[in-house]
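Notes to accompany the following structure.
The values are calculated or read from the model by the stated rules, or taken from the named source; none is laboratory data. Nothing here was measured: the structure is a model prediction, and the numbers come from that model. All Cβ positions, even for glycine, are placed from backbone atoms using ideal geometry, and neighbour counts span all protein chains on display.
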Amino acid sequence: MRPKATNEELLTRPDDVAYLFKAKKGLSERVVREISHLKGESDWMRDIRLRAYQVFLKKKMPTWGGDLSKIRFEDIFYYMKPVEKVFQNWSDVPTAIRSTYQRLGIPQAEQKYLSGVMAQYESEAVYHNLKDRMGKNGVIFEDMDTALKKYPEIVKKYFGRVIPAGDNKFAALNTAVWSGGSFVYVPAGVKVEFPLQAYFRINARNAGQFERTLIVAEPGSFVHYVEGCTAPVYTTNSLHSAVVEIIVKPGARVRYTTVQNWSKNVYNLVTKRSFVYEEGVMEWVDGNLGSKLTMKYPSVYLLGRKAHGEVLSIALAGDGQHQDAGGKAIHGAPETTSRIISKSIAKETGRTSYRGLVRVPRGMTGAKSNVVCDALLLDERSRSDTYPTMEIKESDVQIGHEASVGKIGEEQLFYLRSRGLSEAEAMNLIVAGFIEPIAKELPLEYAVELNRLIQLEMEGSVG
Amino acid sequence: MKLLEIYNLNVKAGNKHILRGVNLSMRPGETHAIMGPNGSGKSTLASVIMGHPGYAITQGGVRLNGKLINSLDPDERARKGVFLSFQYPSEVPGLSIEHFLRNAFNAIHPQNNLSVVEFHNRFLTAANQLRIRQDLAGRGLNEGFSGGEKKKLEILQLALLEPSLGILDETDSGLDIDALKTVSAGVNALRTAKRSFLVITHYVRILKYVKPDWVHVMIDGRIVLSGDWKLAHQIEKRGYDWLNVKKK
């Protein structure tokens, strides 16, 4: 099978997943009640959902960012429970999907899981071992629905604290209909030495479209959370709207890494925000591939002296795609520091936008912020824009901002080709070099997969 | 057998007629110099031999080992043994020099695949010979390099990729005297009975270190005079004006 057809087919193929339960299309108070009822939730969560639904109705659609006019809220299923087995066995999985997984270098066990052949991932036992070890330290790591049942007090204390339903229309929607996502609680002083990633990769298929994630890092703790995987997540659901809330208490550090590759019909509208207290450190590392439109601006609210926040992101916009991404740093205390680095690549009719905000109110002396956004255009048709907003009301600060837009030039390609490299190899090396400063921040296997995936995406762009 | 044979080469960039009938033959092991004033077409000739897509050959052509290479892509020419040391090498941020060169080496010498360690050792040896600072190797390709550092890196690439024809396009420009000596010594160490060099320069000074077998003078897209090393001396004394041919 031709590689290009394989990838295209995979990303656009309607999926044949059967569902145990499907709520009706469209959204109403009744649907919201039904979701809460089916999950067996307490009244307080049901009421949060219902209030959020009212907020959702009142809030206007954002008029900035990408084109949201084609979203039909009435055509979306808001709650679906997939059946465990989709395909009966490996040979029933379409060749196109199998070969893409192979080309991505995903281990076969995992391929089977991702394609739905295996209901249970084989490393389940490994996961339980990890969980046992974590449990001894008091670390809680559950899917959000389970956490709500097992630890209602903690969830109730923090849920919606960082991102209230009233924040924006899509945060309200998520709060009303959320399902899935993760809950992580790290007690004071506990440092989780391995990234919490294996689990989420297992869970990726069930992640759903309105997942809700909450991470609470108590003082002096550390955790690295990795979500998503580079295997294409393909779905007929055209709206993905997640909310991620993170609380970094004094002296704690949280790193949150995302690599996602949505199918090309998806609106990916995600609200991610963290509150960072005194001397805490929050790091967002974000890789955005696929989707029709992504709007995502991970934010750090630096609320205690010497808190530090970073937002590092890579976006790739292929033909017909728009990646509107960036980051926000709100300096709410003196001597806080932030760094936002954005790297974007656009090809064919793809479009990337950097949208960012750095806010330093008066009195936040000694604040430092550095913003770097670099765009790479692969051809004449691709497009990139920059919308940096700086609201600096204090003079005793250090603020840096650099932006660049580069094209892969004829001279650069000629130079590499004169060293024996084909046009495709040359392009790949240039792009890999461009994203290297951020790719090196990813866990190794994710960096390798990301590079492979970008190569796959680029195969269509060179002759 | 000739390594390189250029016959009646006419080249246009857009509507501009730059090369107007260049003839040049080189045998294996020979070093030729092409001198000429700015804008005479020297660098265009270098780019055309390498296969730059911005130029169109309207007449004549280039043969390598007896085979016409007019329509080959630059990477195919590189795999057949042509190397161009650029006058202005491009920067590729984030692309590690060693990673890039190992890819290039494996593309050009697929039968001679070296392990990462073997290649690394060769890389270090060549870098030491050219007195390339260790920390440069950790940077992106040409990223933030000075002019002189870029030129040294070009010669390092030449040394590692082992071409049969090395074209040096104004390699001496922007080099101070110490760097010029180092680079020249590097080139001389690579001169063998099989490997040929085409040294393109405005000035005589590099030819004092890399002594050519033949010197050609190019003016207005043609080679107007050829001779041995003595011709370079004449140019040094008299400049190019005495050779100037009126444009048609």
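Candidates A:G409, A:G420, A:G463: the one that is in contact with a helix residue (DSSP H, G or I) (Cβ under 8 Å, 6 or more places away or on another chain) and modelled with pLDDT under 90 is A:G463. Where strands (runs of 3 or more DSSP E) sit wholly within the range A:267-351, those with at least 2 residues that are at pLDDT 95 or above and surrounded by fewer than 21 Cβ atoms within 10 Å (Cβ to Cβ) occupy A:337-346. If you check B:L114, B:L130 for being among the hydrophobic types (A, V, I, L, M, F, W, C), more than 14 Å from chain A (Cβ to nearest Cβ) and touching a Gly at 6+ places or on another chain (Cβ under 7 Å), only one passes: B:L130.
Pairing residues of the range A:400-429 that are more than 10 Å from chain B (Cβ to nearest Cβ) with residues that are in a helix (DSSP H, G or I) and of a type outside the set (D, E), at Cβ distances under 7 Å and at least 6 apart in sequence or on separate chains, gives A:M427/A:M458. With respect to A:G189, is the statement that it is surrounded by fewer than 16 Cβ atoms within 10 Å (Cβ to Cβ), at pLDDT 65 or above and outside any helix (DSSP H, G or I) true? Yes. Before we move on, is B:L95 within 11 Å of chain A (Cβ to nearest Cβ) and outside any helix (DSSP H, G or I)? Here the answer is yes, as B:L95 does meet what is asked.
Of all residues in the range A:430-456, those being in contact with a Pro (Cβ under 8 Å, 6 or more places away or on another chain) and more than 7 Å from every other protein chain (Cβ to nearest Cβ) number 2. Which residues, counting only those in the range B:13-56, are farther than 25 Å from B:S184 by Cβ and either among the hydroxyl-bearing types (S, T, Y) or surrounded by 16 or more Cβ atoms within 10 Å (Cβ to Cβ) (or both)? Once the filter is applied, which keeps residues that are farther than 25 Å from B:S184 by Cβ and either among the hydroxyl-bearing types (S, T, Y) or surrounded by 16 or more Cβ atoms within 10 Å (Cβ to Cβ) (or both), the range B:13-56 yields B:I18, B:L19, B:R20, B:V22, B:V48, B:G51, B:H52, B:Y55. Scanning the range B:98-111 for residues being more than 10 Å from chain A (Cβ to nearest Cβ) and either at pLDDT 95 or above or under 27 Å from B:G148 (Cα atoms) (or both) gives a total of 2. Name the single residue, out of those in the range B:58-92 being in a loop (DSSP other than H, G, I, E, B) and closer than 18 Å to B:L158 by Cα, that is nearest to the other protein chains (Cβ to nearest Cβ). Looking at the filtered set, the residue picked out is B:S90.
For the range A:352-382, a residue qualifies if it is surrounded by fewer than 16 Cβ atoms within 10 Å (Cβ to Cβ) and either on the phi > 0 side of the Ramachandran plot or not in a loop (DSSP other than H, G, I, E, B) (or both), and exactly one does: A:G363.
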